[in-house]
Structures are given as structure tokens and as C-alpha cells.
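For reference, the structure discussed in these notes is given below.
No value in this document is a laboratory result; all are computed from the given coordinates. None of the values given here were measured: they were computed from a predicted structure. Here Cβ is always computed from backbone atoms with ideal geometry, including for glycine, and neighbour counts include all displayed protein chains.
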Amino acid sequence: EETLIAFRLRGMATDNPYAGQGWGAKLLREAERYLLAKNCHLLWFNARRVAYPFYSRLGYQFAGDAFDIPGIGEHKQMFKFLK
């Protein structure tokens, strides 16, 4: 029986002058490759509402309902099985 190894991504953002240039996607793809090499099977995080489309385009899925983080706003948990 194989144990599921999961890692949580915390606090990722791109500074406004660099948003939309692909840096966030490149960083996340490199993190996925690194974690896969470490035998990680699942990456998850709490995504801000404005970032839902970004993460969805990279293959992440929603898990559960939206929730509020006071002072920050709406979030949903998202995840992706790495392969």
C-alpha cells in the first residue's frame, strides 16, 4: 500500500508590475517538478478568489466550499495530483 504524500503551498503571489507575464506559472510548474522528484503526489493550498482562474488553467481543482479569511477575503481550497 502506497502512502499519499501531500505538500501545502503557502503564500504565493506575483507583484503587480510582473503579473500576467508567466512568472507565477513558471514558478509553480518548477515547484511541481521538484515535489514530484521528492515523491510528492498531491499539492494543495488555499487560493484567493482573484487567483481561481490562474490555478484552474494550471490544472488545479476545487475542494469544498468558499470560506473567508478575515482581512483578506474569499478563498477556496484547491489541489492537484502530481504525475
request  = Take the alpha carbon gyration tensor of the chain, find the square roots of its eigenvalues, order them as a ≥ b ≥ c, and report rounded if a/c is under 1.5; if not, report prolate when a/b exceeds b/c, else oblate.
outcome  = oblate
inquiry  = As a test of the formula, what do you get for the chain when each DSSP H run with n ≥ 4 contributes -39,500 (n - 2.57) and the sum is divided by the residue count, at 222 nm and rounded to the nearest 500 deg cm²/dmol?
reply    = -7500 deg cm²/dmol
Partners for Lys26 among lysines (Cα-Cα distance below 19 Å; same-chain residues under 8 apart left out) = Lys38, Lys80, Lys83
query = R0 = 25 Å: FRET efficiency of Tyr18 with Ile72, Cβ-based, nearest 0.05?
reply = 0.75
key: Given charges at Cβ of Lys, Arg, Asp, Glu: the chain dipole, positive-most of Gln77, Ala25, Cys40   = Ala25
task = Can you tell me the dipole magnitude for the chain around its Cα centre, using point charges on the Cβ only (Lys, Arg +1; Asp, Glu -1), in Debye to the nearest 20?
result = 240 debye
message = Under a crude label model (7 Å from the Cα following the beta-carbon direction), how far is Arg8 from Gln61 in nanometres?
response = 2.1 nm
